[in-house]
Amino acid sequence: GEDVEQSLFLSVREGDSSVINCTYTDSSSTYLYWYKQEPGAGLQLLTYIFSNMDMKQDQRLTVLLNKKDKHLSLRIADTQTGDSAIYFCAENLRGRRALTFGSGTRLQVQP
Amino acid sequence: DTAVSQTPKYLVTQMGNDKSIKCEQNLGHDTMYWYKQDSKKFLKIMFSYNNKELIINETVPNRFSPKSPDKAHLNLHINSLELGDSAVYFCASSQEDRGAAEAFFGQGTRLTVV
């Protein structure tokens, strides 16, 4: 199957860390991605991780991948009000030239 | 320079009309896509073209016809528009011989059918 699931909403205070979780069902995924969508805008690629990696860090962003549980998470350190957006995880299945997206998690950052 | 550009940004039209959305990418990518985002923000692939050739058609009604005149352009033509076609349509592109195949998205076209 190609289901990718995320919780719909997360609210944090400015300066706290945010953790957005995602589960997927297809273990043949080659790459897993995190995209950010601000209101009225397109999708911006934040980061991606290759399926044979456990962790990837990029400035304030940390991606953790647990292949056994098919669980992906995005941690945003020192969350800012500008981080308020919808975050989508996505997978790029081997041999398939398109992304399958999760339902998106709306992150609300309170001052 | 806009990497992936779509026109128009907003489109309001009546049921039964035919409309087109244009997409152009200046990244030199060989693969382009159309995605549909519904009112609940769910994103689904509709079509994928590689070097002007259709490679994915995700059970989209045949009222939707993509056209790729060259690998930098992928236009979406919709016939006999229905209320349920109202959504935001995103064009994207990627280069398939790069491992991660990062997709770059346009700003979206908000289609409202009345």
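Residues in region A:1-33 that are open to solvent by 60 Å² or more (accessible area, probe 1.4 Å) and modelled with pLDDT of 95 or more: A:9, A:13, A:14, A:16, A:19, A:21. Can you name every residue in region B:15-38 that is over 26 Å from residue B:95 (Cβ atoms) and either among the aliphatic types (A, V, I, L, M) or in a loop (DSSP other than H, G, I, E, B) (or both)? Result: B:15, B:16, B:17, B:18, B:38.
Considering only residues of region B:19-31 that are within 14 Å of another protein chain (Cβ to nearest Cβ) and farther than 11 Å from residue B:106 by Cα, which is surrounded by the fewest Cβ atoms within 10 Å (Cβ to Cβ)? Top of the filtered list is B:27.
Within region B:85-105, the set of residues being at pLDDT 95 or above and outside any strand (DSSP E or B) comprises B:85, B:86. When region B:39-57 is filtered for residues that are open to solvent by less than 80 Å² (accessible area, probe 1.4 Å), within 8 Å of chain A (Cβ to nearest Cβ), under 15 Å from residue B:91 (Cβ atoms) and of a type outside the set (Gly, Ala, Ser), the ones remaining, listed by number, are B:43, B:45, B:50, B:56.
The values are calculated or read from the model by the stated rules, or taken from the named source; none is laboratory data. All values reported here derive from a predicted model rather than from experimental measurement. When we count neighbours, we look across all protein chains shown, and the Cβ atoms used for this are built from the backbone with ideal geometry, even at glycine. Heavy atoms of the whole protein, side chains included, go into the accessibility calculation; ligands, DNA and RNA do not. Shrake-Rupley method; radii C 1.70, N 1.55, O 1.52, S 1.80 Å.
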